[in-house]
Ligand SMILES: NC(=O)c1ccc[n+]([C@@H]2O[C@H](COP(=O)([O-])OP(=O)(O)OC[C@H]3O[C@@H](n4cnc5c(N)ncnc54)[C@H](O)[C@@H]3O)[C@@H](O)[C@H]2O)c1
Ligand SMILES: [Zn+2]
């Protein structure tokens, strides 16, 4: 069969790496890893029981076929296991299984597994290689790329972490076929976000071909994911360690994070919170004259076009307070990424509180229609 894998380069220090995207790639994972790790044989696949049951066999046979000896090291499923204790448990398993500094870890799962395995790889024996094999939309378009790793503390999410770039990222959109509907759609909002930030054609596909995307048509899905990856790759390559450009990826996230925190990280999935955040940002941009009503309308239409979102039971005052508190931990001003056109956003620091209040009122109203 002709290889039609898309390769996207991530240009970071100390060495750049590639993201490979292709529907069905899992069955060829071993061959690709052979190119990277010629003399090495031992792989440890960090995963959880849900992902292992659905896709573990396929990955393992592909690895074995290329002469790798691979073993699973499992963590429990769920955000609440994204904790330092899990790192210690996994590290103990690795050492019992004889993993030395030449091992390669394979992060096989959603963003939780990716963040945990990434942190584990950066700490185990002062750092070993890791390959990301993301299995959720969110992890494929976002979490697996850029080298951020982390675990949560009771005081907040991702408070412990490192930058540890993977040696490669292998993305197989076919594994998304088993993803629960809500998780699937939640990840799509991050892909739509990439369209608004810097790829008008990607955004347009969400308007024109959303039925195919929602039905998980392999070609449509592969295209949407590859375009989102390219957008993130260009931002990460230009600005590896945050701040400037990378901030643009936060479109929908300032208000989204406040919504997530306000609802106690229950009720809204991350992508759903970002979806409401994007609609709010579109309204703020319209109110403050940064964009025209038609653009704001298109953003709202594309977000809501992907299906209904959970209703918001929130008080504007509390959200505004959270934005204020957030601002103290940054550099004293609320940063909001606002759309100017489809494919072009900018960071605004001069947003009047009343426009945020109006936007919050609007998303609450929309959520109860
Ligand atoms: N490192 C980064 O740059 C970055 C960026 C964004 C988000 N994140 C992190 O990502 C995490 C969220 O990731 P997520 O949304 O992927 O959640 P997740 O990892 O919890 O996965 C969601 C659920 O889907 C299941 N699952 C995974 N793949 C599946 C498949 N193919 N079929 C069926 N079920 C499958 C998982 O077992 C889990 O129950 C958060 O902890 C967040 O902080 C990290
Ligand atoms: Zn996000």
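The values are calculated or read from the model by the stated rules, or taken from the named source; none is laboratory data. Note that the structure is a prediction, hence the values are computed from the model and not measured. So basically every Cβ, Gly included, is an ideal-geometry build from the backbone, and we count neighbours across all protein chains shown.
Considering each residue of segment 201-241, count those that are more than 23 Å from residue 275 (Cβ to Cβ) and at pLDDT below 90, and give that number.
5
Residue 131 is checked against (1) more than 14 Å from the chain's Cα centre (by Cα); (2) free of Cβ contacts under 8 Å to residues at least 60 places away in the same chain and fails just one. What number does that condition carry?
Only one criterion in (1) more than 14 Å from the chain's Cα centre (by Cα); (2) free of Cβ contacts under 8 Å to residues at least 60 places away in the same chain is unmet by residue 131, namely (2).
Given the structure, is residue 168 assigned by TED's automatic domain parsing to the domain that holds residue 63 and near ligand 1 (Cβ under 8 Å from one of its atoms)? First the steps, then the outcome.
Details: assigned by TED's automatic domain parsing to the domain that holds residue 63: yes; near ligand 1 (Cβ under 8 Å from one of its atoms): no.
No: the conditions fail for residue 168.
Output the qualifying pairs, or none if there are none: Cβ atoms under 8 angstrom, residues six or more apart or on different chains, first residue in segment 187-216 and assigned by TED's automatic domain parsing to the domain that holds residue 255, second residue within 16 Å of ligand 2 (Cβ to nearest atom) and in a helix (DSSP H, G or I).
No pair meets every condition.
Can you pull out every residue in segment 126-147 that is within 7 Å of ligand 1 (Cβ to nearest atom), in a helix (DSSP H, G or I) and in contact with a strand residue (DSSP E or B) (Cβ under 8 Å, 6 or more places away or on another chain)? Spell out how you get there, then give the answer.
Keep residues of segment 126-147 that are within 7 Å of ligand 1 (Cβ to nearest atom), which gives 135-136, 138-139, 142-143, 146.
Adding the requirement that they be in a helix (DSSP H, G or I) leaves 138-139, 142-143.
139, 143 - these are the residues of segment 126-147 that are within 7 Å of ligand 1 (Cβ to nearest atom), in a helix (DSSP H, G or I) and in contact with a strand residue (DSSP E or B) (Cβ under 8 Å, 6 or more places away or on another chain).
Name the residue, out of 191, 121, that is closer than 23 Å to residue 226 by Cα, crowded, with 19+ Cβ neighbours inside 10 Å and away from ligand 1 (no atom under 12 Å from the Cβ). Before you say what the answer is, go through the steps one by one.
Numbers: 121 fails: closer than 23 Å to residue 226 by Cα.
Sole residue among the options that is closer than 23 Å to residue 226 by Cα, crowded, with 19+ Cβ neighbours inside 10 Å and away from ligand 1 (no atom under 12 Å from the Cβ): 191.
Quick check on residue 24: is it in the same structural domain as residue 133 (by TED's automatic domain parsing) and at positive phi?
yes
State whether the residues of segment 183-200 include one that is more than 16 Å from ligand 2 (Cβ to nearest atom), modelled with pLDDT of 95 or more and either under 24 Å from residue 5 (Cα atoms) or touching a helix residue (DSSP H, G or I) at 6+ places or on another chain (Cβ under 9 Å) (or both). If you could, list the steps in order and put the result at the bottom.
At the first step, the residues of segment 183-200 found to be more than 16 Å from ligand 2 (Cβ to nearest atom) are 199-200.
From the residues that got through so far, the ones that are modelled with pLDDT of 95 or more too are 199-200.
Within this subset, residues satisfying the condition of being either under 24 Å from residue 5 (Cα atoms) or touching a helix residue (DSSP H, G or I) at 6+ places or on another chain (Cβ under 9 Å) (or both) are 199-200.
Taking every residue of segment 183-200 in turn, at least one turns out to be more than 16 Å from ligand 2 (Cβ to nearest atom), modelled with pLDDT of 95 or more and either under 24 Å from residue 5 (Cα atoms) or touching a helix residue (DSSP H, G or I) at 6+ places or on another chain (Cβ under 9 Å) (or both).
Take the residues of segment 37-60 that are at pLDDT 95 or above and out of contact with any helix residue (DSSP H, G or I) (no Cβ under 8 Å at 6 or more places or on another chain): which is nearest to ligand 2 (Cβ to nearest atom)?
Among those that are at pLDDT 95 or above and out of contact with any helix residue (DSSP H, G or I) (no Cβ under 8 Å at 6 or more places or on another chain), it is 50.
Determine whether residue 255 is within 16 Å of ligand 1 (Cβ to nearest atom), crowded, with 19+ Cβ neighbours inside 10 Å and not in a loop (DSSP other than H, G, I, E, B).
Against the criterion (within 16 Å of ligand 1 (Cβ to nearest atom), crowded, with 19+ Cβ neighbours inside 10 Å and not in a loop (DSSP other than H, G, I, E, B)), residue 255 does not qualify.
Residue under question is residue 196, and the condition is that it be farther than 30 Å from residue 14 by Cβ, buried (at least 24 other Cβ atoms within 10 Å of the Cβ) and touching a strand residue (DSSP E or B) at 6+ places or on another chain (Cβ under 8 Å); does it hold?
Here the answer is yes, as residue 196 does meet what is asked.
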